[in-house]
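The values are calculated or read from the model by the stated rules, or taken from the named source; none is laboratory data. Keep in mind that this is a model prediction, so the values were computed, not measured. Cβ placement follows ideal geometry from the backbone for every residue including glycine, while neighbour counts extend to all protein chains displayed. To get the accessible areas, we keep the full protein, side chains included, count just its heavy atoms, and leave off ligands, DNA and RNA. Shrake-Rupley method; radii C 1.70, N 1.55, O 1.52, S 1.80 Å.
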Amino acid sequence: MPKSYFFGLKAKLLDRFSRSLLYKGYVRASPGVTGLTVILALLGSLRVGRVTSRRWRGLILANGLLAYVQNRLYELFRGDASPLLSLEDKAADRELVNWQPVSQEALAAMTFPQRCTLPPVVLLGGETLPRNRSRLLFVGNHAIWGLDVPLLLNALYSQENIFPRPLGSHAWFAAPLANEVMGLLLGAVDGTQYNCDLLMSKGANLLVYPGGEREAWKKSSDAKYSLLWGDNKGFARMALRHSYTIIPVATVGTEDAFQVVADFPLSKVLRLGGLIPAPKSKQLGGNAFQEGATLPLLVPRRGRTKGIYFKLGRPIPARLVGFGFAEAGEVDSNPYVPTDQEVIALRDDVRTALEEEVAWLLKYQAQESGGSSTSSTSSTPSKAPTHQVRSKL
């Protein structure tokens with residue numbers, strides 16, 4: 001469980017309690033107080049009925065165990081909470097690396113309500129996937145409200161037997177319940193560099209949307225299926241660091257099934273009209289607390305699309321020529337540190353490839369909706385570039 005859990009409140013409380021003399025006195029006195037309570041309760045139970053007496057004894061046992069556990073736990077963070085938090089982080093790392101996806105049947109059941117209310121899902125381009133199905137970074141355009149993610153995961157898992165771990169905004173993993181649901185059921189990961197390094201060093205397949213919440217929370221003035229990446233390029237840096245193969249994955253259809261009717265002023269509401277200042281970093285609050293952040297309010301539009309379409313583009317290998325990098329499927333022991341120019345070049349290549357895939361899908365969607373034949377439309381787009389960076393050694 002990360003230190004940012006519950007928006008950082010857990011770590012702050014542990015640090016405060018670890019140094020509090022008042023709490024220390026309470027913990028030290030709790031065994032004696034509990035023992036005195038036990039004696040008084042036992043004496044009192046002699047004068048009450050059998051049912052009440054059993055209830056009191058059960059409460060005595062529960063309070064005794066609670067006092068003992070609290071006393072032992074306090075020893076783990078007494079004076080300094082960092083060792084306990086570090087131990088917790090290591091356990092979270094083990095869980096992160098060893099997570100296994102649910103069965104295909106279970107994922108199909110979880111996405112069944114969504115698939116019933118939306119048009120049928122169509123996944124194209126599976127033949128372009130590399131033979132080695134590891135060390136893949138799927139990079140997509142985020143549909144409105146992120147409705148595309150469960151559908152894409154289910155399609156990839158059922159048709160190609162691939163389950164990429166989605167990288168999410170920090171705010172989702174700071175919120176209780178959302179962290180557990182996304183992490184345990186969908187294998188979603190807080191998209192920090194540390195987590196990416198950890199998973200990529202093991203060759204895990206990942207799914208990332210560089211547009212993040214801004215792209216998922218499109219405003220009514222934004223064009224449908226537009227890429228709103230800003231200056232985001234972390235995915236390209238990580239792909240180069242670990243010599244990953246990038247798979248552009250375009251989606252079309254969701255934003256035709258819904259219409260944005262209003263832009264809810266989410267940031268103003270959460271910050272009480274500006275009384276709470278906007279955070280300097282998105283680490284805890286994500287995009288929701290940023291100045292000007294809005295949430296699109298949607299209404300369904302029937303009959304505007306016949307399907308939710310996904311298209312896998314040709315792979316873009318971020319290979320390092322002559323650097324002695326690990327081959328696909330091996331573990332990187334010495335990640336490369338790319339330059340900003342290399343990162344930007346790869347980011348732009350992927351963006352161009354993804355925009356071409358979206359344009360191709362829009363034409364495919366138009367043909368499907370118009371009922372015309374698609375036999376002459378190839379599902380294989382033009383050849384994507386192989387992004388190679390030469391060693392400076």
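Using alpha-carbon positions, what is the distance between the centroids of the range 73-107 and the range 288-310, in Å? Using only Cα atoms, the two centres lie 35 Å from each other. On the full set of protein chains, 1.4 Å probe, figure out the accessible area of Trp172 and give it in Å² to the nearest 10. About 110 Å², ignoring ligands and nucleic acids.
Based on alpha carbons, the Rg and Dmax found for the range 151-239 are 14.0, 41 Å. Taking amide H as placed 1.01 Å from N in the peptide plane, Arg165 has its amide H under 5 Å from the amide H of Asn205, Leu206, Leu207, each at least 5 places away in sequence or on another chain. Qualifying trypsin sites (Lys or Arg not before Pro) in the range 105-149, where qualification requires a DSSP coil assignment and no more than 14 other C-beta atoms within 10 Å, comprise Arg131, Arg133. Under the simplified labelling scheme, the Arg72-Asp15 pair shows an inter-label distance of 2.8 nm, with each label point 7 Å from Cα along Cα→Cβ.
If R0 is 51 Å, what FRET efficiency do you get for Glu355 and Lys90 from their C-beta distance, rounded to 0.05?
Plugging the Cβ-Cβ distance into 1/(1 + (r/R0)^6) gives 0.80.
With both labels modelled 7 Å from their Cα along Cα-to-Cβ, the Leu65 to Asn98 distance reads 2.5 nm. Average 1/r across all pairs of distinct alpha carbons in the range 5-83, invert it, and you get the Kirkwood radius: 14.4 Å. Between Ile276 and Leu298, what's the calculated FRET efficiency when r is the beta-carbon distance and R0 is 25 Å? Round to 0.05. For Ile276 and Leu298, the calculated efficiency is 0.40. A probe of 1.4 angstrom, applied to the heavy atoms of all protein chains, finds Tyr68 with accessible area near 140 square angstrom. Charge dipole of the range 85-225 (Cα centre as origin; +1 on each Lys and Arg Cβ, -1 on each Asp and Glu Cβ, all else neutral): 340 debye, rounded to the nearest 20. Extension gain, Gln159-Leu43: 0.36 nm per intervening residue step, less the Cα-Cα distance, totals 34.9 nm. Counting only residues at least eight positions apart within a chain, or on another chain, the aspartates and glutamates with an alpha carbon under 18 Å from that of Lys90 are Asp80, Glu180, Asp190, Asp197. Cβ-Cβ distance of Ser220 and Val269, R₀ of 25 Å, FRET efficiency by 1/(1 + (r/R0)^6): the value works out to about 0.90. At a probe radius of 1.4 angstrom, the accessible area of the range 113-231 per residue rounds to 38 square angstrom. The equivalent ellipsoid that matches the C-alpha gyration tensor of the range 79-169 spans semi-axes of 31, 17, 13 angstrom, in descending order.
Heavy-atom accessible area with a 1.4 Å probe sorts Val260, Val69, largest first, into Val69, Val260.
In the range 1-141, the convex hull through the Cα atoms has an average projected area of 16.4 nm², a quarter of its surface area. Distance between the 7 Å Cα→Cβ label points at Gln367 and Ser134: 3.7 nm.
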